[in-house]
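Structure, as structure tokens:
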Amino acid sequence: MTTPTETPDRIFTSGDLPLLSLPRADGLIICRWLPDSAVVGAWSAGGVDTVLERRRAQVGFELVEPSWLARAAADRVRGPGVDAVVMHAQSGLPGRSALALAFASHLRAVLLQAGQPGYVITAGARPDLTGLPGLVRVPHLVTVTDATGAIADTVVWEVMTEARFDAWLDGAPRPDQPAIEAHLPGLLRLRGLHRAGRLDPRYSAALLDVIDGIAEGTVSTSLIHRFPGVALPLAAATAAA
């Protein structure tokens, strides 16, 4: 029998997801969080009550042509009074956009705790950045659970400027982004196996050493981007198993 590994994964539940009423159209979900001393105090203490966070959010929707979604999101998030933008495709599921907005709130809290600007762009489906060389899409591995308690991993995308991407890498060289995207099924499985304590140390010793040496303690997006030479081969083997 394997023992689940203690990891600091942020697990999103249905209670974390905002209730969104979205039109059957492509566009941007624009969110602003109103100042609240109780939330600021929670951030400084290292956690945010998600229900309180949802109550102070102002959310709107703007129609945008599909080919302009990413460009419009990058422009809109720099505007006054905007903290997060979620790219929503007409063909996408509302639940995916709700998760992307909940994850945007989480990312914003992390950024503010680190003293960085707290504006973010997320998407539930892979965003098309064709013709936008100054932007980078980052697939975040996100853990979710349902009413039955079942836990699964999925991908929520973040769109960053190249400057922000380099700062996020914290000195590590830029990895092969297409290779990371190609290995996402294996990376998701790898994350779940590690959380369940089912990684065989004979084959994953290098990855486990990296995990033990960083603060996240899990198969995180940050780890994958900083150590692709360790994570991707194991993900490929995991996907093929």
Sort out which residues of region 116-134 are more than 30 Å from His194 (Cβ to Cβ) and not hydroxyl-bearing (Ser, Thr, Tyr), and write them in order of number. Pro117, Asp128, Gly131, Leu132, Pro133, Gly134
Quick one: which of Gly131, Gly115 is part of a loop (DSSP other than H, G, I, E, B), farther than 20 Å from Val82 by Cα and open to solvent by 20 Å² or more (accessible area, probe 1.4 Å)? Gly131
With the condition being open to solvent by 20 Å² or more (accessible area, probe 1.4 Å) and in contact with a strand residue (DSSP E or B) (Cβ under 9 Å, 6 or more places away or on another chain), I'd like the helices (runs of 4 or more DSSP H) fully within region 141-241 carrying at least 2 qualifying residues. 162-169, 177-182, 184-195
Residue satisfying condition, being modelled with pLDDT of 90 or more and over 22 Å from Ser14 (Cβ atoms), within set Arg76, Arg96: Arg76
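The values are calculated or read from the model by the stated rules, or taken from the named source; none is laboratory data. Remember, predicted model here, so these are calculated numbers, not experimental data. Glycine also receives a Cβ, built like all others from the backbone with ideal geometry; neighbour counts cover every protein chain displayed. Note: accessible area is taken over every heavy atom of the protein model, side chains too, but ligands, DNA and RNA are not part of it. Shrake-Rupley method; radii C 1.70, N 1.55, O 1.52, S 1.80 Å.
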